[in-house]
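Novice: Okay, handing you the structure first.
The values are calculated or read from the model by the stated rules, or taken from the named source; none is laboratory data. These numbers come from a predicted model, not from an experiment. Note: ideal-geometry Cβ built from the backbone for every residue, glycine included; neighbour counts use all protein chains shown.
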Amino acid sequence: MKLVLRALLKYGIGLLLVMLLVFVPAGSLEFVNGWIFIGLLFIPMLVMGIVMLAKNPSLLEKRLNGKETESEQKAVVGISGIMFLAGFVVAGLNYRFGWQQLPLWMVITASGVFFIAYLLYAEVMKENTYLSRTIEVQQEQKIIDTGLYGIVRHPMYFSTLLMFLSIPLILGSLYSFLIFLIYPFVLVVRIRNEESVLEKGLEGYTAYKQKVKYRLIPFVW
């Protein structure tokens, strides 16, 4: 029951914060793109939370813990937070003042990419029960080298890359998209630090790196 209440509290706070960040700068609840984004984000999130609660409550608890201990990761989280804040505000202001408007086909395509990325995210959590939100080596943690982890070493980050770069396009703002382009560089820093931690603390990770060569995008990096 404590886990359920904690999850519902975080879910409610997250929903409220996103609504404020989207609709206050927009100055209107008639910002349709904002509602599309909120539906795409929070409906699957609720479904995934219910599934994790029923099948793997320990994974849900790990996902609720977002407090980083690595100093470098704290900086990464801080930069990401600023990026989200600025990106949402600019997208809302873009709607309010009509700076520019993306074509409908681009918004629909971005929505499709976001949903597919969410499905990939769900598959990653299914494959890896050690998937914490923070950088750490857990007790009895083992190497996962099958499924998506047999293609790239960080499939979760690949899915978030697709999700985050599609968000500003769903919201209809090219200016916001330029802000979200910070995220790939943030990911590079996070992944390099995470792999350093895993190499030191997770047995077999060096061999896994030799087996699966690409960190994030096949044939690229």
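Novice: Looking at the stretch 210-220, is at least one residue in contact with a Gly (Cβ under 9 Å, 6 or more places away or on another chain) and at pLDDT 90 or above?
Specialist: Within the stretch 210-220, one or more residues are in contact with a Gly (Cβ under 9 Å, 6 or more places away or on another chain) and at pLDDT 90 or above.
Novice: Any residue that is in a helix (DSSP H, G or I), at pLDDT below 80 and within 18 Å of Thr160 (Cβ to Cβ) - is there at least one of those in the stretch 40-59?
Specialist: Checked against the condition, which is being in a helix (DSSP H, G or I), at pLDDT below 80 and within 18 Å of Thr160 (Cβ to Cβ), the stretch 40-59 yields at least one hit.
Novice: Any chance the stretch 115-126 includes a residue that's surrounded by 14 or more Cβ atoms within 10 Å (Cβ to Cβ), touching a residue at least 24 places away in the same chain (Cβ under 8 Å) and within 18 Å of Tyr175 (Cα to Cα)?
Specialist: Looking through the stretch 115-126, none of the residues is surrounded by 14 or more Cβ atoms within 10 Å (Cβ to Cβ), touching a residue at least 24 places away in the same chain (Cβ under 8 Å) and within 18 Å of Tyr175 (Cα to Cα).
Novice: Only one of (1) at pLDDT 95 or above; (2) under 17 Å from Ser166 (Cα atoms) fails for Leu119. Which number is that?
Specialist: Of the numbered conditions (1) at pLDDT 95 or above; (2) under 17 Å from Ser166 (Cα atoms), the odd one out for Leu119 is (1).
Novice: Please work out if Ala75 is out of contact with any Leu (no Cβ under 8 Å at 6 or more places or on another chain), closer than 22 Å to Ile182 by Cβ and either part of a helix (DSSP H, G or I) or modelled with pLDDT of 90 or more (or both). Talk me through it step by step, then tell me what you get.
Specialist: Details: out of contact with any Leu (no Cβ under 8 Å at 6 or more places or on another chain): yes; closer than 22 Å to Ile182 by Cβ: yes; either part of a helix (DSSP H, G or I) or modelled with pLDDT of 90 or more (or both): yes.
Spelling it out, Ala75 is indeed out of contact with any Leu (no Cβ under 8 Å at 6 or more places or on another chain), closer than 22 Å to Ile182 by Cβ and either part of a helix (DSSP H, G or I) or modelled with pLDDT of 90 or more (or both).
Novice: Okay, moving on. I need the full set of residues from the stretch 25-39 which are more than 17 Å from the chain's Cα centre (by Cα), in a helix (DSSP H, G or I) and either among the basic types (Lys, Arg) or surrounded by 13 or more Cβ atoms within 10 Å (Cβ to Cβ) (or both), in order please. Steps first, answer last, please.
Specialist: We begin by selecting, within the stretch 25-39, every residue more than 17 Å from the chain's Cα centre (by Cα); these are 25-36.
Checking the rest, the ones that are also in a helix (DSSP H, G or I) come to 25-26, 32-36.
Across the stretch 25-39, the qualifying residues are Pro25, Ala26, Asn33, Gly34, Trp35, Ile36.
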